[in-house]
1. Return only the number of the condition from (1) surrounded by 15 or more Cβ atoms within 10 Å (Cβ to Cβ); (2) within 13 Å of the ligand (Cβ to nearest atom); (3) not assigned by TED's automatic domain parsing to the domain that holds residue 13 that residue 126 does not satisfy.
2. Residue 144: assigned to a helix (DSSP H, G or I), at pLDDT below 95 and either away from the ligand (no atom under 15 Å from the Cβ) or not assigned by TED's automatic domain parsing to the domain that holds residue 17 (or both), yes or no?
3. Which pairs have Cβ atoms under 6 Å, sit 6 or more apart or on different chains, and link a residue in the range 157-177 that is within 20 Å of residue 16 (Cα to Cα) and open to solvent by 50 Å² or more (accessible area, probe 1.4 Å) to one that is assigned to a helix (DSSP H, G or I) and not acidic (Asp, Glu)?
4. Would you confirm, using the coordinates I've provided, whether residue 104 is surrounded by 12 or more Cβ atoms within 10 Å (Cβ to Cβ), in a helix (DSSP H, G or I) and within 19 Å of the chain's Cα centre (by Cα)?
5. Kindly evaluate residue 115 against the criterion of being within 8 Å of the ligand (Cβ to nearest atom) and modelled with pLDDT of 95 or more.
6. Given (1) at pLDDT 95 or above; (2) of a type in the set (A, V, I, L, M, F, W, C); (3) open to solvent by less than 50 Å² (accessible area, probe 1.4 Å); (4) within 21 Å of the chain's Cα centre (by Cα), identify the lone condition not met by residue 152.
Amino acid sequence: MRILVAYTSKTGFTKTYAEWIAADLGATLVTTDELSADLIRDHDVIVHGGGNRAGNIGGLKKFLNHWDELKNKQVVLWYTGASPANPHAEANVWGQALTDEQRDKATLFYLRGGFDMKLLRGADKMIMSGMRTALKLKPNRKPSEEGILKMIANPNRELDRANVAPLVEHVRSLASA
Ligand SMILES: Cc1cc2nc3c(=O)[nH]c(=O)nc-3n(C[C@H](O)[C@H](O)[C@H](O)COP(=O)(O)O)c2cc1C
């Protein structure tokens with residue numbers, strides 16, 4: 001079974017998971033930008049990951065532009081985020097990102113990444129700096145807003161190689177099915 005792992009990563013969290021998944025599965029590893037119809041055609045299982053930016057999963061739209069080729073394949077999707085796993089929040093993110101057909105077809109995973117303000121560039125840096133200023137000025141902050149301020153102030157790396165196990169096991173189970 002030929003497995004392709006594609007990813008988009010801005011600060012490296014998704015990239016690390018993509019490398020671990022590809023190594024465990026002996027998969028071809030590419031960025032979302034490197035994906036092509038030919039590459040998809042040459043593989044049986046296509047795995048894609050990206051980082052969550054307020055509900056937008058890195059590279060996912062570009063990946064789904066290949067849906068015509070993908071719908072005849074086994075599709076596995078994951079995203080990373082700074083937050084602990086939360087099935088309700090994840091269902092909302094997937095619900096916004098995927099059509100019903102895509103959600104039924106793909107198997108979905110969340111792999112906790114982390115957050116490091118120092119690694120941000122461009123628009124991401126401006127958004128998070130603006131958010132920090134606005135929240136600091138805000139009286140009566142909600143617990144979730146205090147959480148965002150804490151996240152911005154303290155880099156956290158929650159990467160854990162063990163987190164890829166359920167996804168890797170799922171892909172292996174496709175081979176034996
Ligand atoms: C603008 C912005 C918005 C973000 N929004 C969320 C979010 O809604 N939920 C979350 O858990 N993490 C959020 N994060 C954190 C990223 O998802 C997290 O750092 C992820 O691991 C980044 O992956 P990457 O380094 O592979 O791009 C956000 C980060 C940025 C820069």
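The values are calculated or read from the model by the stated rules, or taken from the named source; none is laboratory data. For clarity, every value in this text was computed on a predicted model and none was experimentally measured. Virtual Cβ from ideal backbone geometry, glycine too; neighbours counted across all protein chains shown. Each accessible area value is taken on the protein alone, full model and side chains, heavy atoms only, with ligands, DNA and RNA left out. Shrake-Rupley method; radii C 1.70, N 1.55, O 1.52, S 1.80 Å.
1. Unmet for residue 126, out of (1) surrounded by 15 or more Cβ atoms within 10 Å (Cβ to Cβ); (2) within 13 Å of the ligand (Cβ to nearest atom); (3) not assigned by TED's automatic domain parsing to the domain that holds residue 13: (1).
2. Values: assigned to a helix (DSSP H, G or I): yes; at pLDDT below 95: yes; either away from the ligand (no atom under 15 Å from the Cβ) or not assigned by TED's automatic domain parsing to the domain that holds residue 17 (or both): yes.
Yes, satisfied.
3. 161/20
4. Values: surrounded by 12 or more Cβ atoms within 10 Å (Cβ to Cβ): no; in a helix (DSSP H, G or I): yes; within 19 Å of the chain's Cα centre (by Cα): yes.
No; evaluated as a whole, the condition is false for this residue.
5. On the way: within 8 Å of the ligand (Cβ to nearest atom): yes; modelled with pLDDT of 95 or more: yes.
Yes.
6. Checking residue 152 against (1) at pLDDT 95 or above; (2) of a type in the set (A, V, I, L, M, F, W, C); (3) open to solvent by less than 50 Å² (accessible area, probe 1.4 Å); (4) within 21 Å of the chain's Cα centre (by Cα), the one that fails is (1).
Matching residues to (1) within 18 Å of residue 46 (Cα to Cα); (2) without any contact (Cβ under 8 Å) to a residue 24 or more places away in the chain; (3) under 16 Å from the mean Cα position of the chain (by Cα):
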site: 76; (1), (2), (3): yes, no, yes
site: 84; (1), (2), (3): no, no, yes
site: 87; (1), (2), (3): no, yes, yes
site: 90; (1), (2), (3): no, yes, yes
site: 96; (1), (2), (3): no, no, yes
site: 108; (1), (2), (3): yes, no, yes
site: 115; (1), (2), (3): no, no, yes
site: 136; (1), (2), (3): no, yes, no
site: 144; (1), (2), (3): no, yes, no
